[in-house]
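FYI, it's all coordinate maths here, none of it is from the lab. Everything quoted here is computed from the prediction, not taken from an experiment. All Cβ positions, even for glycine, are placed from backbone atoms using ideal geometry, and neighbour counts span all protein chains on display.
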Amino acid sequence: MKHVLSMLALLGAVTFGAPAWAEEPAAAAAAVEAVVEVAAEAAAAVAEAAAPAPVVEKGDVAWIMTATLLVLFMALPGLALFYGGLVRSKNMLSVLMQVMVVFSLISILWVFYGYSLAFTEGSPYIGSLSKLFLSGVTPDTLADTFTDNVKLPEYAFIAFQCTFAGITCALIVGSFAERMRFSAVLIFSVIWFTLCYLPIAHMVWGPGGLLLGDGALDFAGGTVVHINAGVAGLVGAYMVGKRIGYGRESMAPHSLTLTMVGASMLWVGWFGFNAGSNLEATSGATLAFINTLIATAAAVLAWSAGEAMFKGKASMLGAASGAVAGLVAITPACGSVGPMGAIIIGGLSGFVCLWGVSGLKRMLGADDSLDVFGVHGVGGIIGAILTGVFTAPSLGGTGDAEFSIASQVWIQTYSVIITIVWSAVVAFIAYKIADIVVGLRVPEEEEREGLDLTAHGESAYHH
């Protein structure tokens, strides 16, 4: 109002003081400029008043905090028990330790510099250091959601994304389980997180990110998490080498009971992973929620049916692996495909990932101990590409009327290729550095005795 009254006063001065101004053109020009300036200020004030104020919904805050806890539950104890049951009893604690410590290490690096490099504006490939050590972040600063004027407390968003970074790096340890030095695992994790996870996360999800700008669809981490980790794991399996006795000695899981419990925890926690990525407690979260449920169920059935057909019996290990394959495949698609599309994606991932851990694994010739690439890499690729198909509205997806399957599938494939190449190159460098600094592999006698005792001085079982 003050701006408006000032503008009227100046207009009056211009109108009634015209004769005097004719004698003083410089003063008249200055007055006109003042009128224009006041008018601009008034317009800006009106526009600011008309803009909707940021809204922080209590339900959204409660949901994102719950989702963060669910993703933490996926890693600890879910992933740890899933992996722990799959290794031999002499290496049980080593896997639990690697998952827990890697997750914790990455969590600290995330708040030091990871969040800033992933989620601030910078280049199309990486963010800036403007929020190094969470500089400028307070309980009152806000983070964006998918609705323009709806926000989240920035701390909640930072914590949610922190769990994604932590579990991604923890996933990789399954590929070189039972033979890699603990110190080498940590060195590799720091380098790969910094040079691979953060750039890919920024490119896919960050402001001004390359793949985000190209229109790539990755709702909850098909490229950022699963393909990324799967490729890094495969490179590690090659570089660390095969376990002693691989292909000659029994390396059967020591506790499928724990593996089933871990897989079930992963399934429960994954609702936070996928539905939480909606960032708001709205109908979009319910779509991701139901898709996470039924795609996984379809994958369990498909994997079990495939085993029954090709191996004669459906196994508990197969059902648990199928559940994880379905969860991986639906991750990039969960927020944009319809339920029937989710069932197809889940079913296909069950069959294809069964081949990924058997036929493809033999072709690759790598000792990927816990099939990180066969499940997460292959499942992530299947899910990422099929997102470009089943997001089409004609197939029940949420794409707009002009959605092109061919165009989107190309964008999805392009993002998959970039992720594979980037992760492979960085992983190779990271393993090499770790090898030079401390050596990648434990000595043969330590590997035979088991990493629980030789690396950590304790045993999971006393019998």
Taking the Cα centre of the stretch 61-456 as origin, work out the dipole magnitude from +1 charges on Lys and Arg Cβ and -1 charges on Asp and Glu Cβ, in debye rounded to 20. 900 debye
Cα-based Rg then Dmax for the chain, in Å, read 27.2, 108
Eight or more residues apart or on different chains, and alpha-carbon atoms under 20 Å: count the Lys pairs in the chain matching that. 6
At q = 0.10, 0.24, 0.25 Å⁻¹, work out log10 I(q)/I(0) for the stretch 367-463 with the Debye formula, treating every Cα as an identical point scatterer and leaving solvent out; two decimals please. -0.53, -1.20, -1.21
Relative contact order, percent, of the chain when contacts are C-alpha pairs under 8 Å separated by at least 6 residues? 21 percent
Sort 156-165, 218-227 by packing, meaning the average of other beta carbons within 10 Å per residue, with the highest value first. 218-227, 156-165
If we count other beta carbons within 10 Å of each Cβ, what is the order of Phe82, Phe188, Phe289, Phe271, fewest first? Phe289, Phe271, Phe82, Phe188
log10 I(q)/I(0) for the stretch 155-260, Debye formula on C-alpha points only (no solvent), q = 0.10, 0.13 Å⁻¹, two decimals, reads -0.37, -0.59
Among Leu96, Val328, Trp110 the positive-end extreme of the charge dipole of the chain (Cβ point charges): Leu96
Could you sort the peptides 242-253, 109-120, 315-326 by per-residue average Cβ neighbour count (10 Å cutoff), highest mean leading? 315-326, 109-120, 242-253
